[in-house]
Every structure is written in C-alpha cells, then in structure tokens.
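Beneath this line is the structure, given in structure tokens, with notes to follow.
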Amino acid sequence: MAGGAVSTLPSLRQQLRHGREVLAAEFLARPHPQRYLQRHARLADGILRGLCDALLPKEVCLAAVGGYGRGELFPASDVDVLLLIPHEPDEHLRACLEAWVQGCWDAGLEIGHSIRTPEQCAHEADKDITIETALLESRRLWGAACLFEAFRASFRSRFNARRFAEGKLLEQKNRHNRFEDSAYNLEPNLKDSPGGLRDLHMIHWLAQAAGQHAGWSGLARSALLSRKEAQRLARIQQTLNLLRIHLHLIARRREDRLAFDYQSQLADRLAIQATATRRASELLMQRYYRAAKQVQLANEILLTTLHAQFVQETPASVPLDAEFALRGNMLAMRRSELFTAEPSAILRAFLVAMRHSTSAFEPATLRALWRARAAIDQGFRSNAENRAAFLAILREPAGVTWALSAMSRYGILGRYLPAFGRIAGQMQHDGFHIYTVDEHTLAVLRNVRRFAIAEFSHEYPLASRLMLAFDKPELLYLAALFHDIAKGRGGDHSELGTRDARRFCRAHGLPREDVELVAWLVKEHLSMSRTAQKEDLSDPAVIEGFVARAGDLRHLDALYILTVADIRGTSPKVWNAWKGKLLETLYYAAHARLTGQSALSGGLAEKRAEAQAKLALYGIAPDAADELWQHLGDSYFLRFDIQDIAWHARMLWQKAHPDQPIVRARLSPAGDGIQVMVYSPDMPDLFARVCGFFARNQFSVVEARIHTTRDGSALDSFQVLDDGQREVHYRDFLQFIEHELALALDPNRLPEPVQAGRPSRRLRHFPIPPEVEIRADERGRYHVLSLTCGDRTGLLHRIALVFQRHGVSLYSAKIHTLGERVEDRFLIRGAVLGDPKSLLELERDLLGALDQA
C-alpha cells in the first residue's frame, strides 16, 4: 500500500466513526428515517471515493448496487459495491484492487463487493436473479464514466422484463415459504418476512421492469395507486425503516429480526406506553403487524397488476351473471364502477367466487374490492341483503375458509365485524399463543371447517364424525369467529365476546335456539379444555358438573368440536395425543350420562369382572389378582380405569406386597408418550425422586395419579412425554426407564440433584408472574392447589421437594402445559393445610420454587 494511502486510512476511519456517531445522535433526537439513510449513504460515498483516489487507477469504475445503489444505507448493513474493470486484471491492477478491498475493511466499512467487466456483469445477471436485481439499482460513485455507461448499455440490452418478473415472483414465493407464508411470526424479520421491506422493494422492482414511473408518487401517476394509497404506503415504508434503524442501533450489529430481546426497548424508544391490559411491546407489535398486513395486501394487488402487463395473452371472458364474469380462473367484475355503485356487490363477489370454485380475483377487480372496503359502514352492516349475504357465505358447502381469510386480508372482514378489526395484529405474550388473535381466530375456523371435509376425517375421527353430522355448521363458524373477539379489552373475554356474539346473531335473524348456542359456545369455549386437563375425570362429581353445563348432546358435540379446533389453532406444540385422549374421555363420559347409559367407569364389581376378563386373555386365572386388589383397597378401583387396572394386575399379581420399588413402563394407550407405573413401599421423597428422574432425563410429566394403601404401599401412575425425541427402539427405551428409575428409587442411594432449567428467551423478556392458590375442595377431603408460571426444566421436581419439606401428601396431579405456560393442579393433604401460619409458609415456598431462574 502506498505511503499516502496509509496516512489516509486513519483519517477516513475517524471520519466514518465520527460521522456515524453524529448521524445516530441526530436520529435519536429527531427520528427521520429517510434523512438518516440518505446521509449515511453519502457518508459511505465519501469514504469510498477517498479510498479510490488513493488506491485505484482511473481506468476502474466503482458503482453502488442493491439498496446502497438506491442511495439508502442502514446502520449495520453491508455496503454493496461493484468494481468495474475494462479487462481481466493484470498483476498491477490485481494488487491495486486487493489493497482497495483491504483498505475498506481497515477504514471500518463492511463491504460486499464483486469485480467484473461489463460483459461478465451481463453474463452473471443472466445466471442469477439476485445479481440481476442488485445491478438493476446501480449508480456510479467514482472512476471511468464510459465503463459504467458500457455496463449499463450491456445490461439493458440483455434485460428480459418478463423473465425477470417471473423469477422475482418465484423468489418471493420461496422467501415467504421460509417464514411459513405469515407476517405474524413472533419474531418477524423486518426485511425478509412477508409484509416486510423486501415486499415493498418487490413492487418497485417489477414497476421498474415494466417501465413505470419510479417511487410511490410515480406509481400514483401511472394510476396503479391513488394518491392517498401512495402516501399511505410511503408512510408504512418509513415506519419499517424507522424500526430497522432503531434495531441496528440497539443491537450494534446487523439484526433484522424483531426479537423478544429488543421489542421492549423499541417500544420505549418509540414512546409507546403500556395500558392496563396490554404490554408496550404488544402494542408495538400490533402496529408492526398491521403495517405488515397493509404491505402484504399492496404487494399482492400491485404484483398481480404488474405481472399482467408482462403477459400478452388475454383469457376469454365467460359471463356468470349481470355483475361478474370468469377470466381464466379469476373472477372479474363486468363494470369498473360496480362496487362504487353497488357496495352490496362486495359480499356477493365472494359468494359468486365460492359457487364457481375460484379463489382468485382479476387484478382490476381485486384493486376495486380493496378500495371499496370504506363503503362498509354502519348502514352497510345494517342492510338486510348484506346480512343475508354474509350468512350465505358461511353456509356455502365449500370455500368458507378461503372467503373469510381473503376478506380478512383485504380489510373487508374487519369492516363488517369492527370488533374483529380491533383484534387485527394483536399479539398475546401469554406463553402459548404463537399467532395474533385474528390469525388464531382464522386458524380455529379453518380447523372447524377441515373437520367437515370427509377426506380429512382420519386426522381427528371423533371431531370429524360429529362435524359431518352437525345440522348447522355455520353456527360453529360463528362461534369460532367470536370466541376470542374480546381479547385485550380487559375483563373476561369470554363474557364480553358472548355479548358481541348474541348481538350479532340476533341482528342477523338467527332463530333463538341458534343464537343461544353460539353465545353459549363463546362463553364456555374454555370449559371443556379446563375440565379435561385440570379435573379428575374418574370423579363422578366432575362429570356431573360438566354435564350440567352442557345440558344436551347438541351443545356437547358443538363444544367438543370447537375445543379441539381451538387448541389445535393455538400452536403446533400445544396439542398432543394425551390431550386428545383426555378430551375424548370427557366427551364419552358426558355422552353416556346424557344418553342414560351406564357410566364409563362402572361399579366396583363390574370393573373387577372386566379386568378379570382382560387378564384371562393372557392366561391368568380369574382369582390371581385378588390378593393384590384386596391389598390396594376399593378406592383403587375408583382412581383407575379398566385398562390400567388390568395392566397393573398383569404386572403385579405375583407381587402384591412390594419390598422394593417395582417400575414398569409401556407405550401410552393414548398414542403419545409413555405410561410409567411405580409400585413401592411408600417413602417421604418418592414423588420427588420420580420427578427428579424424569427431569434429568428430559421427560415431561403430564399426569400423575397417586394411590397409597392402608399399610403404606404406593402405586403411582405417570403419563410422560419424551422431550428429547430420542431415536431408539421403544423396547430398549422402556427397559432403560424401568431399570434406571428403579435404581433412582433405591432408599439406600442419595437422590441425584436436578440442575435448574433456564427460562426461554421469550419468558426472560415476557415473564409469566407465578401464582399459587390453595383451597379446600367441595367435599372437604382434600385441598386443591393451583399453580401458574412459566415452564422450565425441573419445575415439577422443585414443587415435589416443597411438598416433602412441608409434609404434604399428593393424591393426584394434572400437569397442564400450554407452550411455555404451566397451569398445574394438585389434590393434596397434610396437617400443614389446617394451620394458617404453616399454610402461608407453604405458599411462600411454592412461589419461590416457581420463581427460580
């Protein structure tokens, strides 16, 4: 490197550092995204030109490409440049280029560079659409102007607009697929997620390829946007730019994800204040999601319109009625002023599309629909024709999911149901929902609808059978639409949503019994899940209480369908086969009670007889288990179902009085996880030892049933899930559990410690406050302990240790984990529960166990 260049570097490095500090300070004082991006780009321009003056011969040309070529540069983005050379570099030119690249890094510029001749640029652009896109937005920074013009002429002569458009659309599709085609990820990428900045850039790239005017105002001049639409999109782009600049400055590196780590800091920088019911970060994310939804919609409409300009063929138009026609596979309005002159045609458009099996609108029709949404006002909503059309959409045999999703995407559903519009983009940092409220609602509706499609009946057979037999599916769709519609208002969202649902159904002329069914489903949409996952389903009083809520089979069937759809629509990780079995058990028990059949559990004599019949299938004599059953006592038959009783007897009939721990394991009859039985002389730390073993070996306990005999033996049953997802043969796996857990229960061995688990990033930034409630049950036999907190490894073991220290005996445990949220319920006994002072100490220690990091 020449001496002059060496002396220049410290000055350039200092100039860059100081310039960035000044820009950041000015931005934080008065945030103006476009000014920052342009001034940062000009700062980089000056540094690069200084390096070129010192290190490059004049025959070379330096060009900015990509986003930097647009004259924009984010705080931590790469500085993308192209070094144009007239010919293959000789030794001297190669040395100059290498020194220049090294000088950029030494000066503090993180560059992304390529070195090519104009011909090589054209050749590489033909092979790689990413390169072609970057070169499309090039500007000369320094050096041989003739070389840059030669490059531009070569690039333009070979540029194929249609091929470029097709390639970019495919690229966008693949990019969206990486994010599951959703703008509503918990930690969206501001640049690449659907609805992010890249979707806005796509509009400009295709407009440029189509020869349209540049910028949002240019698109307005080309009549692709109205002036107001162009201004709105420009504001949204500035909002996204603002967030991305702040994100880079907070992270001090290139970070484009709105990660949990930064959401609260961003909300603070934007002066967003928390409300009584919503975190500031949730309000920030709602702003983002709503902006992203607008970007997605603009992207869909404008890219469809622009793409049509590259396609020469005009499909034949087939009239369907006086208002609509089919063009290819797309629905088209027959008059350009249709939705303006007749706003009721907005809903009819969806009905016609559904009835002719099309799920796409012709570009001009789509744009007109989008613009017409403002016509949906109180008068529109009160119109009897429109109300009938909305119900007709819900009653169509096919296309319901598409229609409501499209209506939501185009802003029509939120206008027709203003309460739905208020939940659009509303995030729930509750530890288990991974979708916004509106997206969750549509997912639940999609699940309900899927149950009605016969070819999917193998997925959830009971839900599908009930749905296919249900007389008015539209009532379930309405319940799905309203079940969470009051989230974020404060108060009980089920009660508030019930009022909305009842008001809507009455206004739309539904019969009284249908109105009350929808309203009841919204009010009770959590009750079946709570009963199945938190209550003891072997207790007849629990079943009686649930049946009293349901009242009849129609309500029971509808609630089961909605409950399964709701849990499935919360997060893929929340549903499992064990939860499915609990819901089915509750459904069948309630069904038997409502139809006057004998209870599922039967009496003691019936259970014994059925268990003996099952034992006979294995060649075990009818009276072989009598000693075991006498030892376990009558209460044992109330605690366990026939399948478990028969399995226990088959494993234990020769060992009625255990002198050491016996452990047996099998694949869970529920179809997911493992069932583990422990039969042992009782000991104070038995439950803690079992929970410690499961925690150390990455098992999650989802249910525990504890049975203690009069003479001090314990028969405990555990349903566990394998968090480690180990790929080993199940027989080896079960043998491992049986052998190692038996060793862990040896009273002569000290219990092994369990390392405290760390909370997830989400819980660290959005913690779930621990809650403990202890109350006597209705019959005064036990106390009910309810716990709520964030999940982490070893939690149940820590709770068990608290039980042990306070002399608390466990009767049963229902472990209810929703994503990262724990809502556990225990039936407990112990002298400590009768003393107020000791009870307070127990509650304090439990809170301490729940709050450990």
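Leaving out ligands, DNA and RNA, what percent of the accessible area of the range 750-853 is carbon and sulfur, probe 1.4 Å?
On the range 750-853, the fraction of accessible area on carbon and sulfur atoms equals 49 percent.
Given the options Ile376, Ala125, Ala463, identify the residue whose Cα lies farthest towards the positive end of the charge dipole of the chain (+1 on Cβ of Lys, Arg; -1 on Cβ of Asp, Glu).
Of Ile376, Ala125, Ala463, it is Ile376.
How big is the equivalent ellipsoid of the range 509-599 along its three axes, where each semi-axis is √(5λ) from the Cα gyration tensor, reported in whole Å from largest to smallest?
Listed largest to smallest, the semi-axes of the range 509-599 are 21, 19, 10 Å.
Under a Cβ-Cβ cut-off of 14 Å, what is the net charge of the residues other than Ala25 that fall near it, where Lys and Arg count +1 and Asp and Glu count -1?
Values: positive: Arg17, Arg20, Arg30, Arg35, Arg39, Arg269; negative: Glu21, Glu26.
It works out to a net charge of +4.
On a 0 to 90 degree scale, rounded to 10, what angle separates helix 795-806 from the longest Cα axis of the chain?
Orientation of helix 795-806: about 40 degrees from the principal axis.
Just report the Cα centroid separation between the range 250-298 and the range 794-847, whole Å.
Each part reduced to its Cα centre gives a spacing of 37 Å.
Could you report the accessible area of Lys614 in Å², rounded to 10, computed with a 1.4 Å probe on the protein chains as they sit in the structure?
Its heavy atoms expose roughly 70 Å² to the probe.
Could you tell me which trypsin sites (Lys or Arg not before Pro) in the range 1-84 are loop residues by DSSP with no more than 13 other beta carbons within 10 angstrom of their beta carbon?
Lys58
Calculated from DSSP H runs of 4 or more alone, at -39500 (n - 2.57) each and per residue, what is the 222 nm mean residue ellipticity of the chain, nearest 500?
Value at 222 nm, helices only: -17500 deg cm²/dmol.
Show me 710-718, 518-526, 268-276 ranked by packing, highest mean number of other Cβ atoms within 10 Å first.
518-526, 710-718, 268-276
In terms of solvent-accessible area of protein heavy atoms at a 1.4 angstrom probe, what is the ranking of Ile453, Ile485, highest value first?
Largest to smallest exposure gives the sequence Ile453, Ile485.
Do you know the relative contact order of the range 567-646, to the nearest whole percent, from alpha carbon pairs under 8 angstrom that are 6+ apart? Can you show the working numbers first?
On the way: 36 pairs, mean separation 19.5, N = 80.
Across the range 567-646, relative contact order equals 24 percent.
Rounded to whole Å, give me the distance from the Cα center of the range 120-161 to that of the range 512-541.
A separation of 65 Å, based on Cα centres.
Could you rank Trp105, Trp100 by how accessible they are, 1.4 Å probe, largest area first?
Trp105, Trp100
Relative to the Cα centre, what is the charge dipole magnitude of the range 5-84, using +1 at the beta carbon of each Lys and Arg, -1 at the beta carbon of each Asp and Glu, and rounding to the nearest 20 debye?
Dipole of the range 5-84, to the nearest 20 debye: 240 debye.
Within a Cβ distance under 12 Å of Ala656, other residues only, what is the Lys/Arg minus Asp/Glu net charge?
Working: positive: Lys655; negative: Asp626, Glu627, Asp659, Asp711.
Within the 12 Å Cβ shell, the charges total -3.
Could you pull the accessible area for Cys691 with a 1.4 Å probe, rounded to 10 Å²?
My reading of the accessible area for Cys691 is about 10 Å².
Filter the GluC sites (Glu not before Pro) in the range 261-316 to those in DSSP coil with at most 15 other Cβ atoms within 10 Å of their Cβ, and list the result.
Here the GluC sites (Glu not before Pro) that fit, given the DSSP loop and packing criteria, are Glu313.
Just to confirm the number: angle between the C-alpha axis of helix 145-158 and the first principal axis of the chain, 0 to 90 degrees, nearest 10?
60
Give me P(r) over the range 40-93, computed from all C-alpha to C-alpha distances, binned every 10 Å, as integer percentages.
22, 49, 25, 4
With no solvent and one equal point scatterer placed on each C-alpha of the chain, evaluate the Debye formula and give log10 I(q)/I(0) for q = 0.07, 0.10 Å⁻¹, two decimals.
Values, matching the q order: -0.72, -1.15.
Ignoring ligands, DNA and RNA, how do Ile434, Ile85 rank by accessible area with a 1.4 Å probe, largest first?
The ordering from most to least exposed comes out as Ile434, Ile85.
Give a quick list of GluC sites (Glu not before Pro) in the range 146-248 that DSSP marks as loop, anything other than H, G, I, E or B, with at most 12 other Cβ atoms within 10 Å.
Qualifying residues, ordered by number: Glu180.
How much accessible area per residue does the chain have, counting only protein heavy atoms and a probe of 1.4 Å, in square angstrom?
Working: 36980 Å² over 853 residues.
Result: 43 Å² of accessible area for each residue.
What is the calculated FRET efficiency for Gln15 to His123, with r their C-beta to C-beta distance and R₀ = 30 Å, to the nearest 0.05?
It comes to 0.20.
Distance check, please: which entries in Lys655/Lys814; Lys127/Lys293; Lys534/Lys614; Lys487/Lys581; Lys228/Lys293; Lys487/Lys814 exceed 22 angstrom between their Cα atoms?
Lys655/Lys814; Lys127/Lys293; Lys534/Lys614; Lys487/Lys581; Lys487/Lys814
Decide, for the range 524-671, between rounded, prolate and oblate: order the square roots of the alpha carbon gyration tensor eigenvalues as a ≥ b ≥ c, take rounded if a/c falls under 1.5, and otherwise choose prolate if a/b is larger than b/c, else oblate.
prolate
State the percentage of accessible surface on the range 644-684 attributable to carbon and sulfur atoms; use a 1.4 Å probe and exclude ligands, DNA and RNA. Show your work: numbers first, answer last.
On the way: 750 of 1670 Å².
About 45 percent, which is the carbon plus sulfur part of the accessible surface.
Tally up the carbon and sulfur contribution to the accessible surface of the range 388-514 as a whole percent, 1.4 Å probe, everything protein left in place.
On the way: 2400 of 4520 Å².
Carbon and sulfur atoms account for 53 percent of the accessible area of the range 388-514.
On the full set of protein chains, 1.4 Å probe, figure out the accessible area of Asp78 and give it in Å² to the nearest 10.
For Asp78, solvent-accessible area is about 60 Å².
Would you mind checking the tilt of helix 280-310 against the longest principal axis of the Cα atoms of the chain, expressed as 0 to 90 degrees and rounded to 10?
It is inclined by approximately 50 degrees.
What size of dipole, in debye to the nearest 20, comes out for the chain about its Cα centre when the only charges are +1 on Lys and Arg C-beta atoms and -1 on Asp and Glu C-beta atoms?
Working: 109 positive and 103 negative charges, 606 e Å.
That gives a dipole near 2920 debye.
The values are calculated or read from the model by the stated rules, or taken from the named source; none is laboratory data. Note that this is a predicted model, so its numbers are computed, not measured. Virtual Cβ from ideal backbone geometry, glycine too; neighbours counted across all protein chains shown. Areas reflect the complete protein model, heavy atoms only, side chains present, ligands, DNA and RNA absent. Shrake-Rupley method; radii C 1.70, N 1.55, O 1.52, S 1.80 Å.
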